[in-house]
Amino acid sequence: MIAVIVLLALAAWVFLMTLRGGFWRADQLLPAAKDPARWPSVAAVIPARDEADTIRQVIDAHRRCTYPGAFKVFLCDDHSGDGTAEQAQLSGGQAPLEVVSVPDLPAGWSGKLWAMRSGLAEIDEDTLDADYILFTDADIVVDENLLTRLMVKAEKDGLALTSIMARLDDRGFWGGLLIPAFIFFFQKLYPFPLINDVTSLVSGAAGGVMLVRRDALDKIGGLESMRGALIDDCSLAEKIKNTEPRSPIGLFLSSTYGEAISLRDNRSYGSLEAMVARSAYTQLQYSPLLLLGTLVGMGLVYLIAPLAVLAFPLHQDPAALTLGLVTWGIMSFAYRPTLAVYGRKPREALALPLAALFYGWFTWLSAWRHWRGRGGQWKGRSYPSGQTSKV
């Protein structure tokens, strides 16, 4: 019986390795390409709420970018109480900066999307006729050449949305254990090669850096069409790619060629728990059945094989041991390219089941908090589970 269950786990990994777009290769990076004939104008929209510790460094990076076309930064200050706007105005660089005071949050909107929408409203009143909007987070520092490289890719392939998965902080025990695993799980859930294939229905984006064509945003009805979404990046990507006529999009990993770095400190357990539990149950559409299926599936895919190996002295089933070793080996092999992106040691791949155990726990916590009425959270705001959705 144990061997049969482990065989199911092995079958799952054969499926993931062969029929999930090769997500595990972690090879979707911005390529070099020729400059476009014309450099479109770009407006950066940065929603911020109590980000005084990082915002000056972030704005500095944007204002010092080397983008050849017209570029302006709009910081959307969402009722910060820590001097975020004042710190932003101390930044330097050649790109102009405008600080937008976000109006009070109306019913039906999530806080971040309302801040982003407020930035778009200000752009509409500005003399800059932006061809593209660069949505980025207030804790993401970008390389001075990143916008140029995103634009080269977007213009070359006609991408309506071009996104970069920022490099996350993997320092310390918790960061080392859970951050590369987070990137691996994200790629499995949203396979980058399938996202980057216009014929595939799979869509996804990383909200830290999203370069969006303004006409593509207008085609879907603007941010109003997804005003209650907590998972704003993937909701936006889905609408842009799959609204007829369908539009190509691109999602890539951060690299030394096109780099974005998150300043969020991930060295503590609490920081990582909050990051995942905030929206995990939202991703499952608040469905108890999907939650049960996810937890059972994670147990089957990531935990059964290692348990069969470690518990061999108890069950003494050679077939289960052999299948467990093979499955754990395949799992570790699949994880190694993502570890390499973060410069981690190959042997750390053996710890993927432990990381999966924690992510299963975070997912359960997310559901538990929604059941208790705490809902999704962003910068001190909570939303009832019925208000926010993937859309």
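The values are calculated or read from the model by the stated rules, or taken from the named source; none is laboratory data. On a predicted model such as this, the values are computed, not experimentally measured, just so you know. Virtual Cβ from ideal backbone geometry, glycine too; neighbours counted across all protein chains shown. To get the accessible areas, we keep the full protein, side chains included, count just its heavy atoms, and leave off ligands, DNA and RNA. Shrake-Rupley method; radii C 1.70, N 1.55, O 1.52, S 1.80 Å.
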Only one of (1) buried (at least 24 other Cβ atoms within 10 Å of the Cβ); (2) farther than 14 Å from residue 196 by Cβ does not apply to residue 183, and that is (1)
Can residue 47 be described as at pLDDT below 95 and either within 26 Å of residue 235 (Cβ to Cβ) or in a loop (DSSP other than H, G, I, E, B) (or both)?
-> no
Within region 208-238, which residues are part of a loop (DSSP other than H, G, I, E, B), farther than 16 Å from residue 120 by Cα and aliphatic (A, V, I, L, M)?
-> 229, 230, 231
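Within region 16-36, identify whether any single residue is in a helix (DSSP H, G or I), of a type outside the set (Phe, Trp, Tyr) and over 30 Å from residue 340 (Cβ atoms), and answer yes or no. Full working, then the answer.
Residues of region 16-36 in a helix (DSSP H, G or I): 16-19, 23-25.
Then drop every residue that is not of a type outside the set (Phe, Trp, Tyr), which leaves 16-19, 25.
If we keep only those that are over 30 Å from residue 340 (Cβ atoms) too, we end up with none.
Scanning region 16-36 turns up no residue that is in a helix (DSSP H, G or I), of a type outside the set (Phe, Trp, Tyr) and over 30 Å from residue 340 (Cβ atoms).
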The residue that is least open to solvent (accessible area, probe 1.4 Å), considering only those in region 45-66 that are under 24 Å from residue 131 (Cβ atoms) and of a type in the set (D, E, K, R), is 63
Mind checking whether some residue in region 34-44 is buried (at least 17 other Cβ atoms within 10 Å of the Cβ), among the hydrophobic types (A, V, I, L, M, F, W, C), free of Cβ contacts under 8 Å to residues at least 60 places away in the same chain and farther than 17 Å from residue 211 by Cβ?
-> no
All positions within region 255-269 that are modelled with pLDDT of 95 or more, of a type outside the set (D, E, K, R) and open to solvent by 20 Å² or more (accessible area, probe 1.4 Å) = 261, 263, 268, 269
Single match in 170, 197, 139, 157 (criterion: within 19 Å of residue 274 (Cβ to Cβ) and touching a Pro at 6+ places or on another chain (Cβ under 9 Å)) = 170
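Determine whether residue 305 is over 24 Å from the mean Cα position of the chain (by Cα) and either at pLDDT 95 or above or of a type in the set (Lys, Arg) (or both).
Values: over 24 Å from the mean Cα position of the chain (by Cα): yes; either at pLDDT 95 or above or of a type in the set (Lys, Arg) (or both): yes.
Judged against the criteria, residue 305 is a match.
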Among the numbered conditions (1) in contact (Cβ under 8 Å) with a residue 40 or more places away in the chain; (2) closer than 24 Å to residue 215 by Cα, tell me where residue 88 comes up short.
-> (2)
Is one or more of the residues making up region 23-33 more than 29 Å from residue 217 (Cβ to Cβ) and modelled with pLDDT under 95?
-> no
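Matching residues to (1) buried (at least 19 other Cβ atoms within 10 Å of the Cβ); (2) modelled with pLDDT of 95 or more:
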| site | (1), (2) |
| --- | --- |
| 312 | no, yes |
| 327 | yes, yes |
| 340 | no, yes |
| 343 | no, yes |
| 348 | no, yes |
| 358 | no, yes |
| 369 | yes, no |
| 378 | yes, no |
Mind checking which residues of region 277-295 are open to solvent by less than 40 Å² (accessible area, probe 1.4 Å), under 12 Å from residue 366 (Cβ atoms) and not β-branched (Val, Ile, Thr)?
-> 277, 279, 280, 281, 284, 291
